[in-house]
Amino acid sequence: MEECIFCKIIKGEIPSFKVYEDDKAFAFEDINPISQGHTLVIPKRHAQDLWEIPEDDLAAVHHASRKIIQAIRDALNPTGVACLQLNGRAVNQVVMHYHLHLIPRASGEPELPVSSWELKQGDMEAIKETAEKIAAAIR
């Protein structure tokens, strides 16, 4: 995709701080990091989101992320790593190229809003109906 910033990064048209590359995946440091070591893992072939990404590219991104998360642990010794992947502008996906955020967290850092919410009992009947709708739609 000609105008995609991540495609330009893969082609070397825009500089990046690369941490990993193989034939299907590419990983680099986020230049607007939430924390030290915030890394983005992307497929080399353009796909906008989880709805579009071919299964082999999705597998490649997650295979690479496993190697990278181990390297993050070895290099930075975080107490945890959040894996965040957004799909669509309504959830604040800014770059429309599938990407997985690996966000290291250390003791004492503020909680990530997306990983911390109030637990409250849901309507079991409504949850059951929703589960049935989704299960019936799986192809």
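Which value, to two decimals, describes the C-alpha radius of gyration of the chain once divided by 2.2 N^0.38 Å? Can you show the working numbers first?
Working: Rg = 17.1 Å, N = 139, 2.2 N^0.38 = 14.3 Å.
Normalised by 2.2 N^0.38 Å, the Cα Rg of the chain equals 1.19.
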For the chain, the longest principal axis of the Cα atoms and the Cα long axis of helix 124-137 enclose an angle in degrees, to the nearest 10, of 60 degrees
Taking the range 1-136, the lysine pairs whose C-alpha atoms sit under 20 Å apart (8 or more places apart or on different chains) add up to 11
Expressed in angstrom and ordered largest first, the alpha-carbon extents of the range 74-139 along the principal axes are 44, 32, 23
Output ordering of 65-74, 107-116 (per-residue mean of other Cβ within 10 Å, highest first) is 65-74, 107-116
The set of cysteines in the chain having no other cysteine's C-beta under 4.7 Å reads Cys83
Inter-part gap, Cα centre of the range 116-139 to Cα centre of the range 32-65, in whole angstrom, is 27 Å
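Over the chain, what relative contact order in percent results from Cα pairs under 8 Å that are six or more residues apart?
Values: 176 pairs, mean separation 31.4, N = 139.
That works out to 23 percent.
Using per-residue counts of other Cβ atoms within 10 Å, averaged over each peptide, order 13-22, 79-88 from highest down. Walk me through the numbers before you get to the answer.
Details: 13-22: 13.1, 79-88: 15.0.
Descending packing order for the listed peptides: 79-88, 13-22.
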So the angle from the long Cα axis of helix 55-76 to the longest Cα principal axis of the chain, reported in degrees to the nearest 10, equals 70 degrees
In the range 21-109, the chymotrypsin sites (Phe, Trp or Tyr not before Pro) that sit in a DSSP loop and have at most 13 other Cβ atoms within 10 Å of their own Cβ are Trp51
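The numbers here are math on the coordinates, done by the rules we state, and not lab data. Source: prediction; values computed, not measured. So basically every Cβ, Gly included, is an ideal-geometry build from the backbone, and we count neighbours across all protein chains shown.
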